[in-house]
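Okay, so here's the structure we're looking at.
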Amino acid sequence: MRNTARWAATLGLTAGALCGPLTGAALAAPGSAPASLYAPSALVLTTGHGETAAGVTPERAVTLDCSTVPTGTHPAPAAACAELRAAGGDFDALNSRQGVLCTREWDPVVVTVTGVWRGQRVSYERTFANECVKSSVESSLFSF
């Protein structure tokens, strides 16, 4: 019985010594300092053939991280981040180039964007009439 009591006391003191400082830090953490110095901006962009994202299997997907240094699997992360910043994060503000001639065939291409832009969750879907119309957007954001 003595050994059991000694083990219980040792275990209790060890747990208190190890976890005690953690509980004090946990109580002091809220409101003491911001979690980070910048708002995160990390996006996943997909494209596929079909009319809506719900009925399309993504054919290509890339990541785009615009937090500090533009990175990701996007082919032109620096240009895409700069264009998105210039548009204020508004994907619909990315206009088509003038003078681009595309056929009027209906072969829909869906582009989706999900993730976080400057700390806010985003979920965006846009259907283009065909690949040419998608490529006519005056931005490298959808060029992947």
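Observations on the model:
- Annotation: of all residues in region 34-59 being within 21 Å of VAL116 (Cβ to Cβ) and not aliphatic (A, V, I, L, M), the one that is modelled with the lowest pLDDT is PRO34.
- Among residues of region 54-85, those that are part of a helix (DSSP H, G or I) and under 15 Å from the mean Cα position of the chain (by Cα), counted: 5
- Scope region 89-141; condition assigned to a loop (DSSP other than H, G, I, E, B), open to solvent by less than 60 Å² (accessible area, probe 1.4 Å) and touching a Lys or Arg at 6+ places or on another chain (Cβ under 6 Å); matching residues: SER136
The values are calculated or read from the model by the stated rules, or taken from the named source; none is laboratory data. Just so you know, these numbers come straight off a predicted model, no measurement behind them. Ideal geometry is used to build each Cβ from the backbone, glycine not excepted, and the neighbour counts take in all protein chains shown. Accessible surface areas use protein heavy atoms only, side chains included; no ligands, DNA or RNA. Shrake-Rupley method; radii C 1.70, N 1.55, O 1.52, S 1.80 Å.
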